[in-house]
Amino acid sequence: MSALTLTSAAAARVSPTPDRVDALAAGAPALTLKVGGITPFSATDYPGKLAAVVFVQGCPWRCGYCHNPHLQPRTGSSLVSWSAVLALLKRRVGLIDAVVFSGGEPTMDPGLLDAMRAVRSLGFGVGLHSAGMYPRRLAEVLELVDWVGLDVKSSWPGYDAITGIADSARQARASAQLVLASGIAHEFRTTVHPALHTEADILALAKTLQAMGVRHYVLQVFRATGCGDARLNAGSTLGYPGAELLAQVAALFDSFTLRQV
């Protein structure tokens with residue numbers, strides 16, 4: 001889902017390396033989550049739950065198919081104040097079940113742990129959308145999370161070509177292992193485009209994830225909404241992925257979903 005940005009400001013581009021996330025935390029007080037937008041109500045971002053979605057600023061990866069590129073930079077201050085988010089959530093008590101932290105990459109933000117604590121204190125469940133580039137911070141917040149949607153970009157050898165960041169698969173694999181070891185309800189998902197993923201690539205990735213212990217898997221067919229990559233936008237996804245491949249992938253998991261949005 002694309003972020004609903006409630007306010008706007010000039011954004012300074014910040015591209016930290018994945019292993020230096022603590023540089024962003026220097027001097028950060030509690031509950032200063034940098035929010036780029038909020039969706040007050042969603043029936044699609046947390047399976048089986050009605051949720052609000054908080055979109056956190058910042059992502060160091062530059063995946064060409066990203067449909068929230070405006071959330072990649074981190075601005076000097078939150079575009080939507082955390083106090084305003086909390087005020088909205090208090091008004092949603094009894095109307096929604098959970099709050100999902102999405103992005104951007106929410107685990108990039110040093111305020112995430114405190115934000116999750118505040119959400120739980122209001123009685124909400126907590127969902128998390130992550131691409132897994134900060135496994136250390138993911139490990140810190142998992143005890144507060146009820147459900148994780150983990151984006152897996154490709155098979156491990158193909159990661160850098162999609163993210164634009166060297167050695168990005170190492171972070172993602174570590175995060176995948178953390179989620180699986182935690183026993184937390186999960187959904188692993190991959191956004192696919194024929195220019196980036198052959199059907200052989202998709203099947204190889206599915207087999208890798210199944211061998212790791214993934215039980216619930218989703219393929220999300222690329223959509224052009226919000227994407228700034230003209231080459232990907234011009235490519236056709238008609239008939240992709242094929243029915244035979246989908247049947248092979250579905251057989252590997254307890255549940256499998258193809259999303260075409």
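Below is a table of values for the structure above.
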{"quantity": "Principal semi-axes in Å for segment 73-228 [√(5λ), Cα gyration tensor, largest first]", "calculated": "29, 18, 15"}
{"quantity": "If the convex hull is drawn through the Cα atoms of segment 167-220, its volume per residue in Å³", "calculated": "81"}
{"quantity": "Within the chain, helix-based [θ] at 222 nm, where runs of 4 or more DSSP H residues each add -39,500 (n - 2.57), nearest 500", "calculated": "-8000 deg cm²/dmol"}
{"quantity": "Chain lengthening between A166 and A200 when straightened (0.36 nm per residue, less Cα-Cα)", "calculated": "9.9 nm"}
{"quantity": "Long-range amide H partners of G149 with built H, under 5 Å", "calculated": "L128, H129, S130, E187"}
{"quantity": "Protection proxy ranking of 107-118, 92-103, 39-50 - average other beta-carbon atoms within 10 Å, highest first", "calculated": "107-118, 92-103, 39-50"}
{"quantity": "Reduced Cα scattering model of segment 146-261, Debye log10 I(q)/I(0), q = 0.19, 0.20 Å⁻¹", "calculated": "-1.06, -1.17"}
{"quantity": "Using θ = phi - 60° and Karplus 6.51 cos²θ - 1.76 cosθ + 1.60, couplings along segment 217-223 (whole Hz; Gly, Pro as x)", "calculated": "9, 10, 9, 10, 6, 3, 10"}
{"quantity": "L246/T225 FRET efficiency (R0 25 Å; Cβ-Cβ; nearest 0.05)", "calculated": "0.65"}
{"quantity": "Estimated distance in nm for a label pair at L258 and A139, the labels positioned 7 Å out from Cα along Cα-to-Cβ", "calculated": "3.9"}
{"quantity": "P(r) of the chain over all Cα-Cα pairs, binned every 5 Å from zero, in whole percent", "calculated": "1, 6, 14, 18, 20, 18, 13, 7, 3, 1, 0"}
{"quantity": "Within straight-line cross-link reach of K207, aspartates and glutamates at Cα separation under 14 Å, skipping those fewer than 8 residues along the same chain", "calculated": "E199, D254"}
{"quantity": "Inter-part distance where segment 119-172 and segment 85-99 are each reduced to a Cα centre, Å", "calculated": "24"}
{"quantity": "Estimated D of segment 44-130 in µm² per second, where Rh is the Kirkwood radius over Cα pairs and Stokes-Einstein applies at 37 °C, 0.692 mPa s", "calculated": "244"}
{"quantity": "Charged-residue dipole, Cβ positions (Lys, Arg, Asp, Glu), segment 49-143 about Cα centre, Debye nearest 20", "calculated": "160"}
{"quantity": "Within a Gaussian network of the chain (alpha carbon springs, distance under 10 Å), most fluctuating of G37, G213, G239", "calculated": "G239"}
{"quantity": "Residue-wise HN-Hα coupling along segment 64-78, computed from phi with Karplus coefficients 6.51, -1.76, 1.60 (Hz; x: Gly, Pro)", "calculated": "x, 8, 4, 9, 10, x, 5, 8, 5, x, 10, 7, x, 9, 5"}
{"quantity": "Karplus-derived HN-Hα couplings along segment 102-114 (A = 6.51, B = -1.76, C = 1.60, θ = phi - 60°), whole Hz, x at Gly and Pro", "calculated": "10, x, x, 10, x, 6, 6, 8, x, x, 4, 4, 5"}
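Laboratory data are not the source of any read-out in this text; all were calculated from the coordinates shown. Values in this document were obtained by computation on a predicted structure and should not be read as measured data. FYI the Cβ positions are ideal-geometry reconstructions off the backbone, even for glycines, and counts take in every protein chain you see.
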